[in-house]
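Remarks on the structure that follows.
The values are calculated or read from the model by the stated rules, or taken from the named source; none is laboratory data. Owing to the predicted nature of the structure, the values given are computational and were not obtained by experimental measurement. As a convention, Cβ positions derive from the backbone with ideal geometry for all residues, glycine included, and neighbour counts pool all protein chains shown. Please note that ligands, DNA and RNA were not included when accessible areas were found on the heavy atoms of the full protein model with its side chains. Shrake-Rupley method; radii C 1.70, N 1.55, O 1.52, S 1.80 Å.
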Amino acid sequence: MNEMQGNQPSNLSEPKHSIALLIVLLAGSGCAALIYEIVWFQLLQLVVGSSAVSLAVVLGTFMGGMCLGSLALPRIVSDRLHPLKVYALLELGIGIIGLLVLFVMPSLGSLYTSIGGYGVSGFLLRGMVSGICLLPPTILMGATLPAIARWVETTPLGISRLGFFYGANIAGAVLGSLLAGFYLLRIHDMAIASYVAAAINLSVALISFLLARARLYRPSVAELPEATMVAAPGSRTVYIAIALSGLCALGAQVVWSRLLSLMFGGTVYTLSIILAVFLVGLGVGSSVGSMRARWSKHPRLELGVCQLLLIAAIAWSAYMLTRSLPYWPIDPTMALSPWFNFQMDIFRCTWAILPAACLWGASFPLALAAAASRGSDAGKLVGGIYAANTVGAIVGATTFSLIVITVWDTQRAQQALIGLSALAALLTLAPVVWPFRNNKFDLRVGASVAVTFLVAVMLILSVPPVPGPLVAYGRSLPRVLALRDAETKERFVPNILYVGEGLNASVAVSEISGRSRNFHVSGKIEASTLPRDMRLQRMLGHLPALNHPQLRSVLIVGFGAGITAGTFLDYPGIERIVICEIEPLIPEVVSRYFRTENNAVLEDPRVEVIYDDARHYILTSDEKFDIITSDPIHPWVKGAAALYTREYFELARQHLNPGGVISQWVPLYESSMEVVKSEIATFFEVFPDGTVWSNDLAGTGYDVVLLGKDAAPTIDVDAIDRRLGRSDHVNVNRSLQAVGFSSALDLLATYLSQASDLVSWLAGAEINRDRNLRLQYLAGMGLDLSDQSIIYDAMTAYRSFPEDLFLVSDELGQELRQAFDRTP
């Protein structure tokens, strides 16, 4: 670096207030970019699906565009053009294309769904859609940093400023992440968020144009003859090292996001917090690294030290996330407001992952300083380092999410991260501290290297596996571990039968001796053999099945423990059952633990399992069904709200055969009054004659089933009673009796209300739409509530016997009324 001191062009004498203004502009650019990223990912999930494969395609395309932009600009755009004008044009282009994407994507989505497909062709088609939408704006985004880099030079001061520019861009990204997740999308919608981002782009472009007119620019590269441009020694290994750094950073983010989501709950707010803390670490580290880059005589050595320290930092995070944080005595249900829990989540997240994020952030400016050569084009330098880092990030994000965690697990994934960091350190430090000097072995240096990598091996071996109880109980683990047996007073110890970390989620099966067997997804119980859960799972099947006189085909949204799917096997005439499940581990492994309860449903030749999210399947399939029954994960889980939107229910209705029936699960627990109203009101928008059926727990609220029809809403009670009296319905009767329904009348007596009864109660309820996915933001605020009894009591206030709904003879009608009156 000291060889570059002689090149001091006029741009470096820029007044401090102008440099500060550039930093502010880059922060604005980063803020807009993160808002776009969140909006575009949300939009594309509605089109190409929210499976891990689809998300990897979208993320890879987004980051690939950034990489192409950073490489292309220094090679296409002349360094003689004013950097601030180029930067302004890029920001203007991003703003314009950002608005176009908002309007073009729905049309492109319609084209995509008309073609659809799975396998290699479907994968390529998803990539094409993502590329058309994301490559144009992300290429421009990737070009912004190399463009502005030409305003400074490859001197220690210039490299330091480049690091601060990078840090400012990240600081803006932090603001964008929080602004989008906690305000713009929670209060408004994707259109408003896009308008805000575009306004930021346009403001940055205007200020840049004005600044360009006020500041002269003289390219510096031309001042030095080509022969005097001296390449930094060993710069190729610096590019490899920074690529490995990017790989580890994004790979770690994938792993740690999964583990932290278990502890905090996988809401949109959790993921915004994780992203913000990670970006804060990158920004802080970049600022520190920038200061070191200005004064350090050996930036390559400091870059290598960063990679060495990452070995310990990753091991620290692994220990915190598996052996410490899960057992902190924190009960989120005790908080008076979700904002208190957010504060605790921010603290825990910072405590666990900030050290590593800071070191990755410091690596970027130190890599710039280590790879810089005298008289080189700053734009090409930044573009090359940024591209190498981004390529590594693409590899890290995709391989860890699609392969490493699935084939191995999070324990081995973190072990791999430590090993890759050690490799990056070796590549960086080898030319600096190679133990052979003048053909003589330096014992001290050799011993230091040996000890360092011995420590790395020890830390790799010390990485603990993810605790089974954490996968099972997530944020409730401290409360579960505090439980004591009523008689023995001994602490409750979960009996974990199985733990698996799959492509899209972590799953577990546990057993409480003598009580129940439970199926867990990402830290919460999703199905169990407890009476209340068995009843709900059977109701989701029996209610629509008994309301369809000629049942032939069924679509099951969400496999769960397979109990709802297995319910349909008891009905004569069933020819086809399609099950949509996003996580392959669930049908393939978990179903075995509930084989008795689900009637060994996967062994039946009439059953086909589609491994995809149900929305994408319905979008790309022409098949219609007699029944669609939906038991998705809680709406507060990020991505699940797409299965509760008005547009989704409209799609589902279009895929019903004439006279078809749809049933939908709505939980009252871990929810708020506002959320439940939103779910029911949205369903009734599409099924205005819909009905609500209660799965209460000893007269108190637990969850409900919504029923909608593609025909007259009336229910022929006598016809249902006759069907259950037939010999081919013996197994149906047995299934009903197993969950407490001695007859069809007991099942029908769970009727709670219909759409016309709840008009006043639902007045003002938020309708969950594709353009805002409002439900996931509402539900994310209420996951720690226990208001099910309050919600249930509010609904039962409108309960009355539906004279116009049940077609029933006088004698049977009197029995039905009696059963109705007995039901709380």
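What does the accessible area of ARG532 come to, in Å² to the nearest 10, when a probe of 1.4 Å is used?
Probe radius 1.4 Å; accessible area of ARG532 about 80 Å².
Take every DSSP beta bridge whose two residues both sit in the chain, then give the antiparallel share in percent to the nearest 5.
In the chain, DSSP labels about 65 percent of beta bridges as antiparallel.
Along each of its three principal axes, how wide is the spread of alpha-carbon positions in segment 690-792, in whole angstrom units, largest first?
Principal extents (largest minus smallest coordinate, Cα): 49, 32, 24 Å.
So what's the angle, to the nearest 10 degrees on a 0 to 90 scale, between helix 378-399 and the longest Cα principal axis of the chain?
30
Among VAL590, LEU124, THR333, whose Cα sits farthest toward the positive end of the charge dipole of the chain (+1 at Cβ of Lys/Arg, -1 at Cβ of Asp/Glu, about the Cα centre)?
The listed residue farthest towards the positive side: LEU124.
Give me the mean projected area, in nm² to one decimal, of the convex hull enclosing the Cα positions of the chain.
Result: 37.3 nm².
I need the P(r) histogram for segment 748-824: all alpha carbon pairs, bin width 5 Å from 0 out to the longest distance, whole percents.
Histogramming segment 748-824 at 5 Å steps yields 3, 11, 18, 17, 17, 13, 9, 7, 4, 1, 0 percent.
Taking the Cα centre as origin and putting +1 on Lys and Arg beta-carbons and -1 on Asp and Glu beta-carbons, what dipole magnitude results for segment 482-630, to the nearest 20 debye?
Charge dipole of segment 482-630: 540 debye, to the nearest 20.
State, to one decimal in nm, how far the label point of LEU216 lies from the label point of THR333, with both points 7 Å from Cα in the Cβ direction.
Going from the LEU216 label point to the THR333 one covers 7.2 nm.
Say the dipole of the chain comes from +1 at the beta carbon of Lys and Arg and -1 at that of Asp and Glu; which of SER78, VAL268, LEU108 then lies farthest toward its positive end?
SER78
Taking the Cα centre of the chain as the origin, how large is its charge dipole in debye, to the nearest 20, when only Lys and Arg (+1) and Asp and Glu (-1) carry charge on their Cβ atoms?
3840
Compute log10 of I(q)/I(0) for segment 264-392 with the Debye formula, placing one identical point scatterer on every Cα and leaving out solvent, at q = 0.10, 0.13, 0.14, 0.18 Å⁻¹, to two decimals.
After summing over all Cα pairs, the log10 values are -0.42, -0.64, -0.71, -0.98.
In percent, what relative contact order does the chain have, based on Cα pairs under 8 Å that are 6 or more apart in sequence?
Values: 1569 pairs, mean separation 111.0, N = 824.
The value is 13 percent.
Normalised by the residues of segment 569-718, what does the relative contact order come to in percent, with Cα pairs under 8 Å and at least six apart? Working shown, then result.
Details: 193 pairs, mean separation 28.8, N = 150.
Across segment 569-718, relative contact order equals 19 percent.
Along the Cα-to-C-beta direction of SER789, a point sits 7 Å from the Cα; which residues of segment 654-682 have their amide N less than 15 Å from that point?
Residues 669-670 fall inside that zone.
Per DSSP helix of 4 or more residues, -39500 (n - 2.57); summed, then divided by the residues of the chain. What does that give at 222 nm, rounded to the nearest 500?
Dividing the helical sum by the residues of the chain leaves -19000 deg cm²/dmol.
Taking the Cα centre of segment 464-565 as origin, work out the dipole magnitude from +1 charges on Lys and Arg Cβ and -1 charges on Asp and Glu Cβ, in debye rounded to 20.
That gives a dipole near 260 debye.
Tell me, what is the per residue accessible area of the chain in Å², probe radius 1.4 Å?
Accessible area per residue: 38 Å².
Taking the DSSP beta bridges in segment 592-731 as the whole, what percent of them are antiparallel, to the nearest 5?
Taking every DSSP beta bridge within segment 592-731, about 70 percent pair in antiparallel fashion.
With a 1.4 Å probe and every protein chain kept in, tell me what percent of the accessible surface of the chain is carbon plus sulfur.
Numbers: 19150 of 31280 Å².
Within the chain, the accessible surface is 61 percent carbon and sulfur.
Does anyone have the angle between helix 190-214 and the longest principal axis of the chain? Alpha-carbon axes, 0 to 90°, nearest 10?
Compared with the principal axis, the helix lies near 10 degrees.
Counting DSSP beta bridges with both partners in segment 491-637, what percentage is antiparallel, nearest 5?
Restricted to segment 491-637, the bridges split so that about 55 percent are antiparallel.
Note down the relative contact order for segment 303-441 as a percent, whole number, built from C-alpha pairs under 8 angstrom at least six residues apart.
After rounding, I find 49 percent.
Report, in degrees rounded to the nearest 10, the 0 to 90 angle that the Cα long axis of helix 410-433 makes with the longest principal axis of the chain.
The two axes meet at around 0 degrees.
Lysine pairs in the chain with Cα distance under 30 Å, only those 8 or more apart or on different chains: how many are there?
15
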